[in-house]
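Let me begin by presenting the structure, written as structure tokens, before commenting on it.
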Amino acid sequence: MSSQGEILSDERFSHITRDPRFWEMPEKERKIKIDKRFRAMFHDKKFKLKYTVDKRGRPVNYTSTENLRKFYTLSESDSDLSENDTKENTKKKTKKKKAKPKGEAAS
């Protein structure tokens, strides 16, 4: 077997290094961005399947949500919004109504 360098230096395959069709996809573009309408698929039980064997019959121990996280991501603007929404909801829950101080009797 010849090494990778020999293949790239061969005249027949030299165009492959310059052709964008053969470039690797950037990390940022690999995952499909999902907006906030579909964020439930990451934690909803309806989307969760537990696999016990892979396609070749070997035992495995993983769920379909791991695959979802592998191929999909929340869009940045929506994930920021969802984080802000959860923060606002927790602030509203933790806020206590302030008791009005009793007014002093007018003299």
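The values are calculated or read from the model by the stated rules, or taken from the named source; none is laboratory data. Note that the structure is predicted; figures quoted are calculated from it, not measured. So basically every Cβ, Gly included, is an ideal-geometry build from the backbone, and we count neighbours across all protein chains shown. Calculation scope for accessible area: heavy atoms of the full protein, side chains included, ligands and nucleic acids excluded. Shrake-Rupley method; radii C 1.70, N 1.55, O 1.52, S 1.80 Å.
Under the condition of being outside any helix (DSSP H, G or I) and open to solvent by less than 90 Å² (accessible area, probe 1.4 Å), which residue from the stretch 9-26 is nearest to ASN67 (Cα to Cα)? Ranking the candidates gives PRO26 first. Of the candidates GLU83, GLU66, GLU24, the single residue that is under 23 Å from the mean Cα position of the chain (by Cα), modelled with pLDDT of 85 or more and not β-branched (Val, Ile, Thr) is GLU24. For the stretch 27-57, the candidate set comprises residues that are exposed (fewer than 10 other Cβ atoms within 10 Å of the Cβ) and in a helix (DSSP H, G or I); within that set, the residue that is modelled with the highest pLDDT is ARG37.
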